[in-house]
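The values are calculated or read from the model by the stated rules, or taken from the named source; none is laboratory data. All values derive from a computational prediction rather than experimental measurement. Every residue, glycine among them, receives a Cβ derived from its backbone with ideal geometry; neighbour counts consider all protein chains shown. The accessibility values were calculated without ligands, DNA or RNA, using every heavy atom of the protein model including side chains. Shrake-Rupley method; radii C 1.70, N 1.55, O 1.52, S 1.80 Å.
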Amino acid sequence: QVQLVESGGGLVQAGGSLRLSCEASGSTDSIMVIGWYRQFPGKQRDLVETITRSGITNYAVSVKGRFSVSRDNTMTTVFLQMNSLIPADTAVYYCYAMTYGTYWGQGTQVTVSS
């Protein structure tokens, strides 16, 4: 079992930046992939960016060049640096971890005003 707790969401103006953090606990040695998804109202969760234990990243085209995921070497902390935010980035952001199962945080709201 893995527990995930996000922090760092909030309200920001278009063009601004936010940094999300996620702390993992529990069976963190078994985490193979960790990162972020987001969910727009009435939609399913979509990939934002993830990173593997070996450092390979996978990201949505819509965030390329603006968002960046990073993690510590123990895979217990993952960050999402979000720059050049636009109103279309407004969503609930979820921390995600994959072991032999998948785990989710409780979500943190990010709102970008125009």
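Scan the stretch 85-110 for residues that are open to solvent by 50 Å² or more (accessible area, probe 1.4 Å) and under 20 Å from Gly15 (Cβ atoms) and jot them down.
Answer for the stretch 85-110, where residues must be open to solvent by 50 Å² or more (accessible area, probe 1.4 Å) and under 20 Å from Gly15 (Cβ atoms): Ile86, Pro87, Ala88, Gln109.
Among the residues of the stretch 1-11 satisfying the criterion of being within 11 Å of the chain's Cα centre (by Cα) and assigned to a loop (DSSP other than H, G, I, E, B), which is nearest to Arg71 (Cα to Cα)?
Checked the stretch 1-11; the qualifying residue nearest to Arg71 (Cα to Cα) is Gly8.
Answer yes if at least one residue in the stretch 74-84 is closer than 13 Å to Leu18 by Cα, assigned to a loop (DSSP other than H, G, I, E, B) and open to solvent by 40 Å² or more (accessible area, probe 1.4 Å), and no otherwise.
The answer is yes; a qualifying residue exists.
Among the residues of the stretch 1-11, what is the count of those that are open to solvent by 40 Å² or more (accessible area, probe 1.4 Å) and either under 17 Å from Pro87 (Cα atoms) or among the aromatic types (Phe, Trp, Tyr) (or both)? If you could, list the steps in order and put the result at the bottom.
In the first step, residues of the stretch 1-11 are kept if they are open to solvent by 40 Å² or more (accessible area, probe 1.4 Å); the result is 1, 3, 5, 7, 11.
If we keep only those that are either under 17 Å from Pro87 (Cα atoms) or among the aromatic types (Phe, Trp, Tyr) (or both) too, we end up with 11.
Number of matching residues: 1.
Pull out all pairs, ordered by first then second residue, where Cβ-Cβ is under 7 Å, the residues are six or more apart or on different chains, the first lies in the stretch 53-71 and is within 15 Å of Met32 (Cβ to Cβ), and the second is outside any strand (DSSP E or B) and open to solvent by 60 Å² or more (accessible area, probe 1.4 Å).
Arg53/Met32
So that you can scan it fast, the table gives a plain yes or no per residue for (1) under 30 Å from Ser114 (Cα atoms); (2) in contact with a His (Cβ under 6 Å, 6 or more places away or on another chain); (3) of a type in the set (Val, Ile, Thr):
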| position | (1), (2), (3) |
| --- | --- |
| Val2 | no, no, yes |
| Gln13 | yes, no, no |
| Ser17 | yes, no, no |
| Ser27 | no, no, no |
| Leu47 | yes, no, no |
| Thr50 | yes, no, yes |
| Ser54 | no, no, no |
| Phe67 | yes, no, no |
| Thr74 | no, no, yes |
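Residues in the stretch 98-114 that are under 10 Å from the mean Cα position of the chain (by Cα) and either assigned to a loop (DSSP other than H, G, I, E, B) or of a type in the set (A, V, I, L, M) (or both): how many?
2
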